[in-house]
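Below you'll find the structure, written out as structure tokens, and then a few comments.
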Amino acid sequence: MKLSDVLVRCLMEEDVDTVFGYPGAAVLSLYESLRASCIHHVLVRQEQAAVHSASGYARTTGKVGVCMATSGPGATNLVTGIATAYMDSIPIVIFTGQVKSTLIGRDVFQEVDITGCTEPFIKHSYLLQNPKDFPRIVKEAFYIARTGRPGPVLIDIPMDFQDAQIEFNYPKNVDIRGYKPTIKGHVGQIKRASKLLQHSKKPLICVGGGVILAHAKEELRELVRKSNIPVVHTLMGTGVLDTQSPYNLGMIGSHGYAHANWALKNADTILFVGARIADRAVAQVGILDENANIIHIDVDPAEIGKITSANIPVVGDAKEILKVMNEMVEAVDTDEWSKTILACKKDQVDVNYEKGVNPKMVIRTLSNLLGEDAIITADVGQNQFWTMRNMEMKGQRQMICSGGLGTMGYSIPACIGACIGSKEKKVVGVFGDGSFQMSFFELGTLIQEQVHPILILFNNSGLGMVREIQRKSELKEYGVGLSKNPDFTAIVRAYGIQARTISDPSQVEEALREAVASREPYFFEFIVNDKESTL
């Protein structure tokens, strides 16, 4: 059969039911086969949104996201989305069209070396050179994307190969030389880690997004209950423990809580689980105590020792390792240690907003109204940390954002992907006025797909995170004000979505309550006092 038809069969073998993409001349054969299939295609308005939507879909369903774009500018528009997925370890398979195989390297119309472009920030990529290899390559791509440390994989397909006649023989197994991810951790190392925790006076567990990616939340919670050890989390680890858990000290890092950072600085033993120990996680607390014992569990051996050396490295899948550790761990007396940490806790002081709406109050109000299975997507900037710090995580609530790359414009397409993947759940997208203008065209996709999220825009005229950093650094406030913002609600209404601007705090709860109860999309623009908007 035609290679383009083989692609559809391969996708069906991988249980793919949704593809995000934007057609072009170099993928028309692929799209014709896709059109005739039972796979649902989501037509985005710009290719970068295809990757972000596939990311939102993957993170909320646990499946591999799939997206597609044409050659040249279609492929290069994917680049930021691919880098975003790579930094946050999101499993996505990307198919791109390429010029005819006989013309590659001649700089013909819409030719771009997309495998070369993405090489620094992609888990793996293929340029198809023999059509007969295609089924094997697709099988390998999905395997690589979802195993070990997940990540994006790209397959670049020349136009002439898409119509090639090949046999469909989809491999049942994958055996890639040089790629053998470690799943089960070394039992001896796990025993050493358990004993070290047991004999520590000031132990601490730090969890990252790897726990969520490994579907290891329950195993982590069991470890915490059995060991009685307090927990801090990174930005990407938000939601591993419920906010109100007595063990949860909150988020660490440059935008985390002072007492959580203090605990990280003063612990004598720290167990990192699925956390990269990235610069934003330790920026405010400096280098970790050189006398602290570090236990680092990570599926990617390259992450262990990259930032700080580990006394006990344990390579493997967090879920499998924690299962074994839970059979060994014993309760630790941490009562005095926990009291000492909490003594450093500072009361959260809200700015008194003389005019406009307090964004923290908006998120807290929304948190009280949402069900325990809600999905919240946040963009980048102050809106991200207002959401992370004030949305209560409980039950099956899920928080997703761009953590490693910090990509503005992520929230709306990710929100749409989450809606499509989790149709019965209430999904909320939060963003600032700057981020909104980087992706509001995806409202067309939202209406086309008939999904119904709640969209929240905090409008502080673009004077948000960048200006706050400038102030703290004593730099001049240059180039950050979006003084010529359009009428956002008029734009949204043009797409047929209910939209409302709110500057009166007394109107917040009633408006949000109506939106939560509705099966229609809602958009709210909350006016924030730009002189006082801080984290």
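The values are calculated or read from the model by the stated rules, or taken from the named source; none is laboratory data. Owing to the predicted nature of the structure, the values given are computational and were not obtained by experimental measurement. Cβ sites come from the backbone with ideal geometry, for glycine too, and all protein chains shown count toward neighbours. Keep in mind that these areas ignore ligands, DNA and RNA; they rest on the heavy atoms of the full protein, side chains included. Shrake-Rupley method; radii C 1.70, N 1.55, O 1.52, S 1.80 Å.
Listing for the model above:
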item: Those residues of region 433-442 which are farther than 15 Å from Thr377 by Cα and either of a type outside the set (Phe, Trp, Tyr) or without any contact (Cβ under 8 Å) to a residue 12 or more places away in the chain (or both), in sequence order; result: Asp433, Gly434, Gln437, Met438
item: Count of region 110-135 residues which are closer than 22 Å to Val79 by Cβ and outside any loop (DSSP other than H, G, I, E, B); result: 11
item: Residues of region 116-133 satisfying the condition of being more than 20 Å from Ser4 (Cα to Cα), of a type outside the set (Phe, Trp, Tyr) and in contact (Cβ under 8 Å) with a residue 24 or more places away in the chain; result: Cys117, Thr118, Ile122, Lys123, His124
item: The lone exception for Trp386 - which of (1) on the phi < 0 side of the Ramachandran plot; (2) in contact (Cβ under 8 Å) with a residue 12 or more places away in the chain; (3) not in a helix (DSSP H, G or I) it fails; result: (3)
item: Filter result for the condition that a residue is of a type in the set (Gly, Ala, Ser) and open to solvent by 20 Å² or more (accessible area, probe 1.4 Å), over Gly417, Gly406; result: Gly406
item: Test: residue in region 397-406 that is free of Cβ contacts under 8 Å to residues at least 60 places away in the same chain and more than 20 Å from Gly208 (Cβ to Cβ); result: no
item: Residue satisfying condition, being open to solvent by 10 Å² or more (accessible area, probe 1.4 Å), hydroxyl-bearing (Ser, Thr, Tyr), within 25 Å of the chain's Cα centre (by Cα) and within 19 Å of Lys202 (Cβ to Cβ), within set Thr243, Thr308; result: Thr308
item: Entirely in region 163-278, the strands (runs of 3 or more DSSP E) that have 1 or more residues that are touching a residue at least 60 places away in the same chain (Cβ under 8 Å); result: 203-207, 248-251, 269-273
item: Residue match in region 353-369 (condition: outside any loop (DSSP other than H, G, I, E, B), farther than 30 Å from Met408 by Cα and free of Cβ contacts under 8 Å to residues at least 60 places away in the same chain); result: no
item: Residue selected from region 136-162 under the condition among the β-branched types (Val, Ile, Thr) and part of a helix (DSSP H, G or I), by the criterion farthest from Val51 (Cα to Cα); result: Ile137
item: Condition met for Asp156 (charged (D, E, K, R), open to solvent by less than 20 Å² (accessible area, probe 1.4 Å), in contact with a helix residue (DSSP H, G or I) (Cβ under 7 Å, 6 or more places away or on another chain) and farther than 16 Å from Ile297 by Cβ); result: yes
item: Any hit, region 32-43, residues being assigned to a helix (DSSP H, G or I), out of contact with any Ser or Thr (no Cβ under 8 Å at 6 or more places or on another chain), free of Cβ contacts under 8 Å to residues at least 12 places away in the same chain and open to solvent by 30 Å² or more (accessible area, probe 1.4 Å); result: yes
item: Residues of region 60-77 classified as among the aliphatic types (A, V, I, L, M) and either farther than 28 Å from Val108 by Cβ or open to solvent by 10 Å² or more (accessible area, probe 1.4 Å) (or both), total; result: 1
item: Enumeration of residues in region 490-512 that are open to solvent by 50 Å² or more (accessible area, probe 1.4 Å) and under 18 Å from Pro359 (Cβ atoms); result: Arg500, Thr501, Ser503, Asp504, Pro505, Ser506, Gln507, Glu509, Glu510
item: Tally of residues being buried (at least 16 other Cβ atoms within 10 Å of the Cβ) and in contact with a helix residue (DSSP H, G or I) (Cβ under 6 Å, 6 or more places away or on another chain) across region 169-193; result: 2
item: Leading residue by the ranking (nearest to Ala267 (Cα to Cα)) among those in region 195-214 that are touching a helix residue (DSSP H, G or I) at 6+ places or on another chain (Cβ under 6 Å) and open to solvent by 10 Å² or more (accessible area, probe 1.4 Å); result: Lys202
item: Yes/no for Thr96 being open to solvent by less than 10 Å² (accessible area, probe 1.4 Å) and farther than 18 Å from Tyr143 by Cα; result: yes
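Residue-by-condition table, conditions (1) in a loop (DSSP other than H, G, I, E, B); (2) open to solvent by less than 10 Å² (accessible area, probe 1.4 Å); (3) touching a residue at least 24 places away in the same chain (Cβ under 8 Å):
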residue: Leu7; (1), (2), (3): no, yes, yes
residue: Ala58; (1), (2), (3): no, yes, yes
residue: Ile90; (1), (2), (3): yes, yes, yes
residue: Val108; (1), (2), (3): yes, no, no
